[in-house]
Amino acid sequence: MEKITGVLSQFSLKGETALVTGGGRGLGRELAIGLAEAGADVAIADLLIDESRQTADEIIKLGRKAVTFAGDVGKEEDVEKTVKATVKQFGKLDILVCCAGIATWYPAEDMPYEKWQALMDVNLNGVFLYCKWAAKEMKKKKKGSIINIASMSAYIVNVPQKQCHYNASKAAVVHLSKSLAVEWAPYNIRVNALCPGYVMTPLLKIADKKMLKQWSDICPQKRIPDPAELKGITVFLASKASGYFTGSAIIADGGYSLW
């Protein structure tokens, strides 16, 4: 194994290529920019074309390369095309961050089945498809880091909203990550899950103020973080600094799930 010297150098992503799904806005945008700040070139996959280009522009201003791709994470042909186009553009794929996700609220007994299926297609099936096609490329070089964005909802039942389908999808992402970590360890592909609590994304900013206060009050830190606060842990999981981390699920929720 390559000898690593200097602790800060372990966090550098210089020369690496990353692909971030859902990188057009919110948490995905911040994580894509964070990877670029650490030195990576970044491909952004998102249906939000204009927002994706804005993220790419920010990355280019940092002196890194960036490209955008539109596609549905729940359609395998779109996923395959995006992964292959990323490799064609940059020559390789070192890092995958699966951040695309949706959340809807329905009482379980009233939930239309198509709503269950639509959420699972994005939150779970899309993660699997991107992991599958990214791993095909990473195996060629026997190197890769996959970071799947799950949620503290993989471990708790959120209140007061009713979202059994969302919670189930995120729990599945955690165990999928663990399973893939075992399968792909022989190829030096690491797979980890990052499980945030509530994060102040644009969607959360327009949420009911009373609900935001309730969520904040429950959290021991009494606050909801900015998405940029998750850049550091993402760079860590993408870099050599986390070389012995695989199959881990790291909860970043300000202590919300501790009680």
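Name the residue from LEU124, GLY144, MET111 whose Cα lies farthest towards the positive end of the charge dipole of the stretch 8-250, charges +1 on Cβ of Lys and Arg and -1 on Cβ of Asp and Glu.
Positive-end residue among those listed: GLY144.
Based solely on C-alpha atoms, express the radius of gyration and the Dmax of the stretch 202-259 in angstrom.
Taking only Cα atoms of the stretch 202-259, I get Rg and Dmax of 14.3, 42 Å.
Pairs of Cα atoms under 8 Å, at least six residues apart: use those to get the relative contact order of the stretch 1-95, whole percent.
26 percent
Compare the peptides 47-53, 92-98 by average per-residue count of other Cβ atoms within 10 angstrom and give them in order, highest first.
For the peptides 47-53, 92-98, the packing ranking is 92-98, 47-53.
Amide H of CYS195: which non-local residues (sequence gap of 5 or more, or other chain) have their own amide H closer than 5 Å, using H built in the peptide plane?
Amide H to amide H, under 5 Å and 5 or more residues apart or across chains, CYS195 pairs with ALA150, ILE250, ILE251, ALA252.
Exposure proxy check: CYS219, CYS131 ranked by fewest other beta carbons within 10 Å?
On the way: CYS219 19, CYS131 23.
Neighbour counts put them in this order, fewest first: CYS219, CYS131.
Starting with the fewest neighbours, write out TYR256, TYR155 ranked by other beta-carbon atoms found within 10 Å of each beta-carbon.
With the sparsest Cβ surroundings first, the list reads TYR155, TYR256.
Output the 0 to 90 degree angle, nearest 10, between the alpha-carbon long axis of helix 126-141 and the longest principal axis computed from the alpha carbons of the chain.
20 degrees
So what's the convex hull volume per residue for the Cα atoms of the chain, in Å³?
127 Å³
None of the figures in this text is laboratory data; all of them are computed from the coordinates on show. Only a predicted model underlies this, so the values are computations on that prediction, with no experimental measurement involved. Cβ sites come from the backbone with ideal geometry, for glycine too, and all protein chains shown count toward neighbours.
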